[in-house]
Amino acid sequence: MNNGKTIVVAACALVDADGRVLIARRPEGKSMAGLWEFPGGKVENGETPEETVIRELQEELGITTKLACLAPLTFASHSYEDFHLLMPLFVCRRYWGIPQAQEGQALKWVRPGKLRDYPMPPADEPLVPFLIDLI
């Protein structure tokens, strides 16, 4: 049982023209380092999940997108030991710029059917079947 704290983290499945999804490996020094995840981050006070995704894509990958380019797909709800994570997942197929790691993380474009080959945090894993069905 966690301590009752719920954290909202907005994530994005960035899809390229070939139908591949971008995943990022958590860098050393972060919790769950070495695991692969969808880009995104914690929703700050006063932010909508969509605004979080737009901000995080700029900060983490150096790309720009707009609210109209984000489509909600599904969400994850997962209890970790010390908090509960609620994570809406958006799909984005339209963005400006070339995604490049801004925070030292490794990036990889992966076909949805191959996402299970990459170890992910427990909250990210249930999102994969939705992407396989969608793309």
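The values are calculated or read from the model by the stated rules, or taken from the named source; none is laboratory data. Predicted, not measured: the structure shown is a model, and the values here were computed from it. Quick reminder, even Gly has a Cβ in these numbers, built from the backbone with ideal geometry, and neighbours come from all protein chains shown.
Things to note:
- Of the residues making up the stretch 12-67, those that are of a type in the set (A, V, I, L, M, F, W, C), more than 24 Å from residue 83 (Cα to Cα) and in contact with a Cys (Cβ under 8 Å, 6 or more places away or on another chain) are 14, 15, 57.
- The number of residues in the stretch 37-62 being under 15 Å from residue 105 (Cα atoms), in contact with a helix residue (DSSP H, G or I) (Cβ under 8 Å, 6 or more places away or on another chain) and hydrophobic (A, V, I, L, M, F, W, C) comes to 1.
- Applying a threshold of 6 Å to beta carbon distances and a minimum spacing of six or more residues, or different chains, the list of pairs starting in the stretch 52-66 at a residue that is buried (at least 20 other Cβ atoms within 10 Å of the Cβ) and ending at one that is modelled with pLDDT under 95 and part of a loop (DSSP other than H, G, I, E, B) reads 60/102; 60/103.
- Matching residues, the stretch 113-133, being more than 16 Å from residue 11 (Cα to Cα) and touching a residue at least 40 places away in the same chain (Cβ under 8 Å): 118, 119
- Strands (runs of 3 or more DSSP E) fully within the stretch 30-135 that include at least 3 residues being over 30 Å from residue 4 (Cα atoms) and in contact with a strand residue (DSSP E or B) (Cβ under 9 Å, 6 or more places away or on another chain): 106-110.
- For the stretch 26-59, a residue qualifies if it is charged (D, E, K, R) and either modelled with pLDDT under 95 or under 11 Å from the mean Cα position of the chain (by Cα) (or both), and the qualifying residues are 26, 28, 30, 37, 42, 56.
- Number of residues in the stretch 79-106 that are within 21 Å of residue 61 (Cα to Cα) and crowded, with 17+ Cβ neighbours inside 10 Å: the value is 9.
- Residues that are over 22 Å from residue 62 (Cβ atoms) and surrounded by fewer than 19 Cβ atoms within 10 Å (Cβ to Cβ) within the stretch 107-117 comprise 111, 113, 114, 116, 117, listed in sequence order.
- From 133, 124, residue being surrounded by fewer than 19 Cβ atoms within 10 Å (Cβ to Cβ) and charged (D, E, K, R): 133
- Candidates are the residues of the stretch 31-41 that are surrounded by 13 or more Cβ atoms within 10 Å (Cβ to Cβ) and out of contact with any Lys or Arg (no Cβ under 8 Å at 6 or more places or on another chain); the one that is nearest to residue 120 (Cα to Cα) is 38.
- Given (1) within 25 Å of residue 29 (Cβ to Cβ); (2) in contact with a Phe, Trp or Tyr (Cβ under 6 Å, 6 or more places away or on another chain), index of the condition residue 73 fails: (1)
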